[in-house]
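The values are calculated or read from the model by the stated rules, or taken from the named source; none is laboratory data. From a predicted model like this one, the values you see are computed outputs, not experimental measurements. Note that we place each Cβ from the backbone using ideal geometry, even for glycine, and neighbour counts take in every protein chain shown.
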Amino acid sequence: MSKIVHSVLPAIIMAVPWLAIPGAVLWGKKRPGAAKAVYVGCTAATFLLITTMYPRAMDGVVSVQHLVEVAPGINLAFRVDTLGFYFAILLSVIWLLTTVYSLGYIRTRETRYYCFTAINLSFCLGVAFSANMFTLFVFYELMSLFTYPLIIHEETEIARRAGLKYLVYTITAGAVILAALIMQYYYGGTLSFLGHGTLNSETISKPVLLIIFSVYMLGFGVKACIMPLHGWVPDAHPAAPSPTSALLSGVILKVGAFGIIRVLFDVFGIKLLGDLGVALPMLWVASFTIIVASLFAITQNDLKRRLAYSSVAQVSYIILGLFLLSPDGAIGGLLQIAHHAFMKGTLFLCAGIIIHETGKRDIREMNGIGSKLPITMLAFSVAALGMMGTPLTCGFITKWELGLGSIQAHRPYFIAVLLLSALLNAVYFLPIIYIAFFKGDPMDKLLKHETSRTMMVPVIIGAAFVVILGIFVTVPGLPYSLVKIVVKALF
Amino acid sequence: MPLAFAALCPIWGMWRRKACFPWSLLGVAITSFLVWSLIGKVNASKVVAYNVSGWRPPWGIQIRIDYMGLLMACLITGVGLMLLIYSWRYIVSEIKEERIPYYYTLYLLIFTAMLGFSITSDLFNFFVFMEIFSITSYALVAISGERMALRAAFKYLLMGAISSLTVLFAIAFLYSATGSLNMLDISSRLKSTAYLPVASVALILFIAAFAVKSALFPVHVWLPDAHSIAPSPVSALLSALVIKMGVLGIFRILFTVYGHSFSGLSSTWNSIAGVVAWAAALSIILGSVMAIIQRDLKIMIAYSSVSQIGYILLGITLISTRGMAGGLYNIVAHAMGKACLFLVAGIFIYKHGLRRIENLRGIGRTMPVTAGAFALAALSIVGVPPSAGFVAKWYILWGCFQEGQYAFVIVVLLGSLLSAVYCFRVVYYMFFTGAGRPGVGLDEAPFTMLAPTAILSVGTLFFGIFATLLLPSLNNAARVLLLK
């Protein structure tokens with residue numbers, strides 16, 4: 001059993017982002033510099049505070065904090081295990097990058113943008129830190145609702161329509177999760193996460209367990225964009241401003257996946273799921289999503305839309321890895337959370353720079369853009385190569401672990417899915433690189449102008465991470481070391 | 001007892017128009033204080049009883065405050081106080097000056113009658129108080145004297161009067177059968193099986209009558225007109241408290257007078273509870289659908305009340321302890337949430353004369369507190385965690401599972417999806433449309449209107465997070481009532 005310590009840190013960490021609001025509201029108009037400083041400072045402080053929990057996470061120590069008993073037996077409480085820490089540190093890094101980036105990118109309605117981005121950071125951390133399904137659900141719902149202002153930030157007709165679609169999907173999903181939650185509570189008697197499954201096949205009949213499982217998957221599947229529940233993703237990503245798209249793809253889709261992970265590990269447990277026989281159908285669903293979403297991605301001409309479909313495919317890697325129910329598969333799936341966040345985050349930020357500097361969204365119009373924006377497109381290429389699973393990038397590591405996992409699970413045919421997906425990734429990413437670098441007019445070089453430093457630096461850091469995570473895999477503190485601890489405790 | 005004091009208050013105000021407000025405020029505040037001082041007592045000894053003029057129960061009139069009565073009384077005084085403070089500035093703009101004393105008089109009367117209704121244990125008193133609050137609410141709807149208001153009030157009067165008459169008949173039936181008017185006494189006398197047919201007829205009459213008062217589908221038709229045309233604090237009062245009296249009536253009859261476990265009546269009782277539950281389910285869905293298609297903010301909020309009353313009655317008639325606790329909790333959640341929504345609607349009318357939802361574009365930028373209060377209260381109406389509405393829905397759902405009523409699970413969830421549609425539409429118009437008008441800074445309502453609104457909306461959040469303040473007692477109350 002892991003050691004448990006009481007800590008007030010989770011609540012403090014969650015409170016820090018809120019401090020950005022008074023700054024943004026009071027100084028937003030008169031002293032934008034101060035507002036920005038407070039906003040970035042709060043995000044950075046959140047990140048630093050989370051890093052202080054690192055030693056505990058590496059030792060597998062669990063920090064718990066009880067907040068309030070909402071109703072008898074139903075608590076708001078935090079419990080930071082290694083998995084929660086892993087997710088929290090990841091999302092705070094991505095948040096920090098996009099925060100710095102957004103200083104240059106967001107030029108209208110900054111106050112609202114800063115406030116809601118900060119609030120969402122807090123709620124996402126709440127999901128990562130939650131000690132039971134109820135707490136997770138509370139913050140999950142709040143996060144879902146408060147993402148809406150970010151998606152419709154530009155208030156164009158397209159953004160409104162995408163926002164509406166998002167709301168319909170997400171609120172319906174919320175009600176579905178609520179149904180699953182209450183079933184779990186009614187039949188299982190507890191909502192707590194204990195590091196192993198709490199539902200018991202001896203007291204609950206198999207059909208009921210199957211229903212609870214499917215309802216949970218339907219609910220969280222909307223955020224984790226399992227096909228055919230992905231409908232909002234390709235609309236919301238292009239409509240949102242680019243830093244928000246990066247957050248959506250990098251973190252918010254993963255929050256859905258995180259919900260599924262909790263259902264898998266802390267509600268049902270690996271053994272029970274194996275007995276229920278739901279893993280194989282889920283694997284097929286994930287494979288279907290990977291292939292079909294990649295095919296859709298090929299047909300898109302809007303860059304951000306193509307990236308969005310690619311995200312749909314990539315998030316299903318997580319699902320695929322987890323439902324292999326083998327240690328290496330789980331490592332691959334959990335690694336994918338971080339790796340994809342860096343790769344897709346970088347890609348969306350690059351797309352943002354392209355839109356910001358040239359106003360172009362259509363890939364066919366991007367001839368020679370690599371000459372105009374060489375650093376941006378270099379970063380883009382690095383991340384795209386990562387997506388294809390090229391060795392020495394983090395995408396390769398994920399695919400390698402997933403491949404190992406499928407052999408371990410005696411289901412080697414899923415390697416074919418991985419290979420096919422890599423191929424399709426190449427089909428939709430290589431043309432962009434080709435168009436950008438080799439198809440332009442040589443005179444374009446004269447028009448070279450990179451973007452401002454606040455937007456450039458996060459992109460470069462993101463691309464650097466794509467390579468670092470692919471080479472220095474086992475360095476302590478990087479995702480692999482954390483994931484290893486999580487998986488070791490589970491299997 | 002506080003009743004007499006409250007009833008005497010307005011006379012003074014009749015000839016000193018300006019003094020009306022402070023005087024009624026004083027009355028309501030003292031009453032509230034007295035009611036709240038009883039909380040500890042009721043919690044300790046379960047029931048506080050007082051025999052008026054010393055006659056003992058079967059003969060004399062008894063006032064009896066059980067847990068349910070206390071809950072309602074606290075709610076009435078708490079929300080009533082907020083609404084009164086809000087009225088001070090608002091009412092001047094909506095009704096003629098010479099009618100203002102009438103307004104406060106009626107307000108105190110309805111306040112008194114509702115309190116009396118919640119805590120009496122005598123059926124005749126029950127009827128009298130019901131008549132007082134019904135008649136005063138017709139008058140309050142009509143108080144502006146406009147044509148539309150008179151029409152709405154007349155419609156309300158027509159349905160209300162029929163239902164009151166029905167209650168009177170039912171009481172007469174029971175009296176003829178048992179020879180008693182005290183609820184507990186009747187309850188014990190009904191146990192002997194001789195009165196069965198009469199008692200069943202009375203039960204049906206009672207429930208039908210109170211269904212009208214609580215605006216259950218399909219007898220809700222008076223509500224949207226009356227609630228939307230009345231001045232906003234009155235709408236809030238009607239929606240938050242007066243229709244709850246109908247719920248309380250159903251509750252009293254089903255549980256205090258008749259009770260769950262009568263051998264002879266149980267089939268009638270169960271089928272009536274079932275009918276009410278289904279009517280409540282229909283209310284939830286149709287009320288929400290009607291709310292969605294409305295364009296007038298207040299009518300939308302009024303239809304939302306129909307749907308929320310559905311939740312309350314569904315919870316109560318599930319006949320499961322959790323469901324009942326959820327239903328009762330929704331009384332609290334809805335009273336605060338809906339009062340807040342109406343007050344916000346009132347502020348929009350007061351400041352800008354806006355009633356239509358599309359006209360609220362961008363109003364969140366100039367009135368952030370008002371619009372924020374609306375958003376917070378709307379979250380509770382929808383049932384987004386952590387809000388009071390969520391706790392209520394959670395328990396109602398739990399009750400559905402306890403009783404294996406899976407159809408109602410879907411109704412409850414669908415209902416909250418539909419309510420999300422109509423609530424978030426308004427929030428959307430307020431915050432996310434309309435360009436910010438440059439040069440227009442903050443333009444908020446006066447403090448005495450803003451504060452009650454904000455307090456009520458924060459209350460929905462407070463009771464969502466600290467639900468343990470109420471829930472254990474509600475659970476106990478439900479367990480006692482259902483003998484489980």
Query raised in the report: Among (1) over 21 Å from A:Val267 (Cβ atoms); (2) at pLDDT 90 or above, where does A:Pro149 come up short?
Result: (2)
Requested in this report: Return the only residue of A:Val70, A:Val93, A:Val100, A:Val62 being among the β-branched types (Val, Ile, Thr), touching a strand residue (DSSP E or B) at 6+ places or on another chain (Cβ under 7 Å) and more than 14 Å from every other protein chain (Cβ to nearest Cβ).
Outcome: A:Val62
Query - Of residues in the stretch B:348-380 being polar (S, T, N, Q) and buried (at least 22 other Cβ atoms within 10 Å of the Cβ), the one farthest from the other protein chains (Cβ to nearest Cβ) - result: B:Thr370
Query raised in the report: (1) away from chain B (no Cβ under 12 Å); (2) over 18 Å from A:Phe258 (Cβ atoms); (3) crowded, with 24+ Cβ neighbours inside 10 Å; (4) not acidic (Asp, Glu): which one isn't true of A:Phe129, the others all being true?
Result: (2)
Query raised in the report: What helices (runs of 4 or more DSSP H) lie completely within the stretch A:382-491 and have 3 or more residues being surrounded by fewer than 18 Cβ atoms within 10 Å (Cβ to Cβ) and of a type in the set (Val, Ile, Thr)?
Result: A:414-438, A:453-471
Requested in this report: Could you grab the pairs with beta carbons closer than 6 Å, sequence gap of 6+ or different chains, first residue in the stretch A:364-387 and on the phi < 0 side of the Ramachandran plot, second one assigned to a helix (DSSP H, G or I) and among the basic types (Lys, Arg)?
Outcome: A:Ser371/A:Lys445
Report task. Give the number of residues within the stretch A:64-110 that are in contact with a Lys or Arg (Cβ under 6 Å, 6 or more places away or on another chain) and under 27 Å from A:Lys488 (Cα atoms). Result -> 1
Requested in this report: Restricting attention to the stretch B:390-436, report how many residues are basic (Lys, Arg) and touching a Cys at 6+ places or on another chain (Cβ under 8 Å).
Outcome: 0
Requested in this report: Identify the single condition in (1) free of Cβ contacts under 8 Å to residues at least 60 places away in the same chain; (2) within 14 Å of chain B (Cβ to nearest Cβ); (3) under 19 Å from A:Phe265 (Cβ atoms) that A:Leu136 does not satisfy, given that it satisfies every other one.
Outcome: (1)
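Take the residues of the stretch A:94-115 that are closer than 21 Å to A:Ala11 by Cβ and crowded, with 22+ Cβ neighbours inside 10 Å: which is modelled with the lowest pLDDT?
A:Cys115
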**Report entry** From A:Val61, A:Val16, A:Val70, A:Val40, residue being within 30 Å of B:Asn475 (Cβ to Cβ) and among the aliphatic types (A, V, I, L, M)
**Finding:** A:Val70
Query raised in the report: Just one of B:Phe173, B:Phe217, B:Phe169 is among the aromatic types (Phe, Trp, Tyr), surrounded by fewer than 24 Cβ atoms within 10 Å (Cβ to Cβ), at negative phi and not in a helix (DSSP H, G or I); which is it?
Result: B:Phe217
Query raised in the report: Which one of B:Tyr107, B:Tyr90, B:Tyr67, B:Tyr86 is more than 29 Å from B:Ile39 (Cβ to Cβ) and either in contact with a helix residue (DSSP H, G or I) (Cβ under 8 Å, 6 or more places away or on another chain) or buried (at least 21 other Cβ atoms within 10 Å of the Cβ) (or both)?
Result: B:Tyr90
Query raised in the report: What helices (runs of 4 or more DSSP H) completely inside the stretch A:147-246 contain at least 2 residues that are touching a residue at least 12 places away in the same chain (Cβ under 8 Å) and within 14 Å of chain B (Cβ to nearest Cβ)?
Result: A:157-188, A:206-223
Query - Only listed residue being outside any strand (DSSP E or B), of a type outside the set (Gly, Ala, Ser) and in contact with a Ser or Thr (Cβ under 8 Å, 6 or more places away or on another chain), chosen from A:Ile331, A:Ile353 - result: A:Ile353
Query raised in the report: Within the group A:Phe342, A:Phe323, which residue is more than 16 Å from the chain's Cα centre (by Cα) and crowded, with 24+ Cβ neighbours inside 10 Å?
Result: A:Phe323
